[in-house]
Amino acid sequence: MVVNSPMRSPKDTFTLRLINTLLFTALFLIQYNAAFSVKIFNISPLLPLSLLVAIGMFCSELRGAFTGLVIGVLTDAVANTPPGFNAIVFCFLGLLAVLVTKHLFNNNIISAITLCVLCALLYFLLRWIFCYAFSLSFTENLTYIINTVIPSCVFTAIFIIPFYYLEKALYKKFY
């Protein structure tokens, strides 16, 4: 169930947005920092996507899409993808997380994990289509999907567990 009650006060709104901004900043720095990164066997999770899905499970459609757009623009600045790709995809994924939670899934941890895997799979498959699919051979494409896309989706979904409970607590306190 998505919480649709109005915020308590502008101070609560500011506090919630400040906490989420600081979380996204920290995750963004961890994600794109060469000195410190979260990797297992050269597979890295998409940490901002995990937090975006967690936030999308509790916020409105506009806030989910806008948050995704901002994260996408920041990711476009450092990622090796076509310009605007991440902005469009993250905006769509933020909106998708809100709509799926509101109209299809229940708001619980199993739904959060499932939604995160689906969003990560969609992101990595779109990235594969626009960046790699037509420049690699069939075996290289298959190897990329099996060795990078699927493990990255699972690894990304692991991180939604703490983010889901954190956002649930934040939205209970500030909503």
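The values are calculated or read from the model by the stated rules, or taken from the named source; none is laboratory data. What you are looking at is a predicted structure, and each value in this text was computed from that prediction instead of being measured. All Cβ positions, even for glycine, are placed from backbone atoms using ideal geometry, and neighbour counts span all protein chains on display. Accessible surface areas use protein heavy atoms only, side chains included; no ligands, DNA or RNA. Shrake-Rupley method; radii C 1.70, N 1.55, O 1.52, S 1.80 Å.
At-a-glance table
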| read-out | value |
| --- | --- |
| Some residue of the stretch 143-162 being open to solvent by 20 Å² or more (accessible area, probe 1.4 Å), at pLDDT 85 or above and touching a Pro at 6+ places or on another chain (Cβ under 6 Å) | yes |
| Subset of the stretch 65-93 (residues that are under 16 Å from I160 (Cα atoms) and of a type in the set (G, A, S)) | G68 |
| Residue count, the stretch 62-92 (criterion: open to solvent by 60 Å² or more (accessible area, probe 1.4 Å) and over 15 Å from the mean Cα position of the chain (by Cα)) | 5 |
| Count of residues meeting criterion [among the β-branched types (V, I, T) and under 10 Å from Y164 (Cα atoms)] in the stretch 107-127 | 2 |
| Residue in the stretch 107-128 that is open to solvent by 80 Å² or more (accessible area, probe 1.4 Å), over 16 Å from the mean Cα position of the chain (by Cα) and in contact (Cβ under 8 Å) with a residue 40 or more places away in the chain present | no |
| Enumerated helices (runs of 4 or more DSSP H) restricted to the stretch 68-175, each holding at least 3 residues that are of a type in the set (V, I, T) | 85-103, 109-131, 150-158 |
| Filter result (modelled with pLDDT under 85 and of a type in the set (S, T, Y)) within the stretch 108-136 | Y132, S135 |
| Some residue of the stretch 42-57 being open to solvent by less than 30 Å² (accessible area, probe 1.4 Å), in contact with a helix residue (DSSP H, G or I) (Cβ under 9 Å, 6 or more places away or on another chain), at pLDDT 90 or above and not in a helix (DSSP H, G or I) | yes |
